[in-house]
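Just so it is clear, none of the values below were taken in a lab; they were calculated from the coordinates. None of these values were measured; they are calculated from a predicted model. Cβ: placed from backbone, ideal geometry, glycine included. Neighbour counts: every protein chain shown.
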Amino acid sequence: MRLRHHRQAVDESETGIDLAPMLDFVLNLLIFFIITAVFVKEVGITVSRPASQPQATEEKKKVKTIVATITATGEILINGRLVDLRAVRANIERFAAESPDSPVVVIAHKEAATGILVQVMDQVRQGGIENVSIAASEGT
Amino acid sequence: MRPVRHTEDLAGHTGIDLAPMLDFVLNLLIFFIITTSFIKEAGTQVKRPEAETAEYNRNGNILIAIRPNGDIWLDRKQVELRDVRPIIERFHIERPEDTVVIIADKESQTGVLTQVMDQVRAAGIQTVSIAALSGS
């Protein structure tokens, strides 16, 4: 009677599953994810794709592509006219008012600094045109 | 007889109750699983250009860095321009929704930037953005 009583008491106390191995596993998984987690938030300007058939779309929608050229020395030309970086936004706003939805192509000389390119793209976007693409020029 | 049984019962519950700890740890685990994004880091430091209209690209998980001297860094290694395309193709197959962020140094030449962009687009990822510091 005493033995039986004892066994019953032990059985009662160990009804649940043993959580320790599961806890070990989960903790390992947790450590893995903590170590591999990278909290990098990279902000940037998305470059749109140049239209594959520029002539056809130009004729259809009658939109003029605004061409911003950056020379090797960092001078900026918009539709062939030399402008200062601070004047880019105003110029773009004017062109955007004339023909909305017109895309901007930034043609940068391959030796021009990326800083200027990004500043020009930023100014263009501030001027209200989101559709900015990049082209490279080999010439002088 | 009864008090003896009572002590036996206590002996069966000697350990700490693990259930609340397990709840907490599982919550922590779920948090880290959700926030982890497996970003392919470039592995080098560059001076980013500034742009006020820079915005956060949610899927921009593949980072390519271009150093002022034209070195290209991708997946924590320096690579040649011709290696960019196969590496990006592999990443594109692994995670098709990932897009590319090119971190070009302010002083780097745009020629390298456009070549890298061409390679990335040839590899099948059409959304490419250029990293910038937002605000001034």
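Based on the Cα atoms of chain B, what semi-axes does the equivalent ellipsoid have, where each is the square root of 5 times one gyration tensor eigenvalue, given in whole Å with the largest first?
52, 17, 13
Provide a whole-number value for the mean count of partner chain Cβ atoms within 10 Å of the Cβ atoms in peptide B:22-32.
4
Select from B:VAL84, B:VAL46, B:LEU18 the residue farthest towards the positive end of the dipole of chain B; place +1 on Cβ of Lys and Arg, -1 on Cβ of Asp and Glu, and compute about the Cα centre.
In chain B, that residue is B:VAL84.
If I model a spin label as a point 7 Å beyond the Cα along the Cα-Cβ vector, how far apart are those points for B:LEU81 and A:GLU111 in nm?
1.6
Residue by residue, what Karplus-based ³J(HN,Hα) values in Hz, rounded to whole numbers, does the range A:84-91 have, using 6.51, -1.76 and 1.60 with θ = phi - 60° and x for Gly and Pro?
These are the phi-based 3J(HN,Hα) values: 7, 4, 6, 8, 4, 4, 4, 4 Hz.
Using a 10 Å cut-off around each Cβ, can you sort A:SER99, B:SER129 from fewest to most neighbouring Cβ atoms?
On the way: A:SER99 13, B:SER129 23.
Ranking A:SER99, B:SER129 by Cβ neighbours within 10 Å, fewest first, gives A:SER99, B:SER129.
What average count of beta carbons from other chains do you get within 10 Å of the Cβ of residues in B:38-47?
Mean shielding by partner chains, rounded to a whole number: 2.
Under the definition of partner shielding as Cβ atoms of other protein chains within 10 Å of a residue Cβ, what is the mean value for peptide B:59-72?
The mean count of partner-chain Cβ atoms within 10 Å per residue comes to 1.
Among B:PHE32, B:PHE24, B:PHE91, which one shows the highest mean-square fluctuation when chain B is modelled as a Gaussian network with alpha-carbon springs under 10 Å?
Largest GNM mean-square fluctuation: B:PHE24.
Cβ neighbours within 10 Å, averaged per peptide: list A:34-40, B:66-72, B:115-121 in order, most packed at the top. Provide the component values of the computation, followed by the final result.
Numbers: A:34-40: 11.9, B:66-72: 18.1, B:115-121: 20.7.
Final packing ranking: B:115-121, B:66-72, A:34-40.
Under a plain spin-label model, where a point goes 7 Å from the Cα along Cα-to-Cβ, how far apart in nm are A:ASN28 and A:ARG86?
Rounded to a tenth, the inter-label distance reads 6.4 nm.
Mind checking the alpha-carbon convex hull of the range B:89-136 and giving the volume per residue in Å³?
Convex hull of Cα atoms, per residue: 80 Å³.
Under a plain spin-label model, where a point goes 7 Å from the Cα along Cα-to-Cβ, how far apart in nm are B:ASN27 and A:GLU130?
In this crude spin-label approximation the distance works out to 3.8 nm.
Could you compute Rg(Cα) / (2.2 N^0.38 Å) for the range A:54-137, with N its residue count?
1.02
What residue among B:ILE33, B:ILE102, B:ILE125 shows peak mean-square fluctuation when chain B is described by a Gaussian network model with Cα springs under 10 Å?
Residue with maximal mean-square fluctuation among B:ILE33, B:ILE102, B:ILE125: B:ILE33.
If I build a Gaussian network model for chain B, linking alpha-carbon pairs within less than 10 angstrom, which residue out of B:ASP17, B:ASP75, B:ASP83 has the largest mean-square fluctuation?
Residue with maximal mean-square fluctuation among B:ASP17, B:ASP75, B:ASP83: B:ASP17.
Taking amide H positions as placed in the peptide plane 1.01 Å from N, state which residues far from A:VAL38 in sequence (5 or more) or on other chains have amide H under 5 Å from it.
Those lying under 5 Å, H to H, from A:VAL38 are B:SER37, B:PHE38, B:ILE39.
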